[in-house]
Amino acid sequence: MKIKVDQNRCASSGRCVFYSGEVFDQDPDTGQVMLVNASPPPELQQAAREAALNCPAAAIEIEE
């Protein structure tokens, strides 16, 4: 799995961090998504998928 984020699309909702705080974080100044782990281990992959599915701005792209 490889994850990419588009900070220009990010709506700063924080859902990504809610679903997968080990993979995503938010910039403390802007609230935009920050990618902590672009290639998460298997035990974090399902949570990363949930974060992508629940991103209101579709700012998270996952390549399997």
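Please work out which residue is farthest from I62 (Cα to Cα), limiting yourself to the range 15-30 and to residues that are of a type outside the set (D, E, K, R) and surrounded by 14 or more Cβ atoms within 10 Å (Cβ to Cβ).
Filtering the range 15-30 for residues that are of a type outside the set (D, E, K, R) and surrounded by 14 or more Cβ atoms within 10 Å (Cβ to Cβ), the one farthest from I62 (Cα to Cα) comes out as Q26.
How many residues are within 14 Å of E61 (Cβ to Cβ) and either over 9 Å from the mean Cα position of the chain (by Cα) or surrounded by 13 or more Cβ atoms within 10 Å (Cβ to Cβ) (or both) when one looks only at the range 1-14?
Summing the residues that are within 14 Å of E61 (Cβ to Cβ) and either over 9 Å from the mean Cα position of the chain (by Cα) or surrounded by 13 or more Cβ atoms within 10 Å (Cβ to Cβ) (or both) in the range 1-14 gives 9.
No lab work stands behind these numbers, since they all come straight from the coordinates. Here the structure is a predicted model, which means the values were calculated and not measured. Neighbour counts are summed over all protein chains in view; Cβ atoms, including those assigned to glycine, are modelled from backbone coordinates with ideal geometry.
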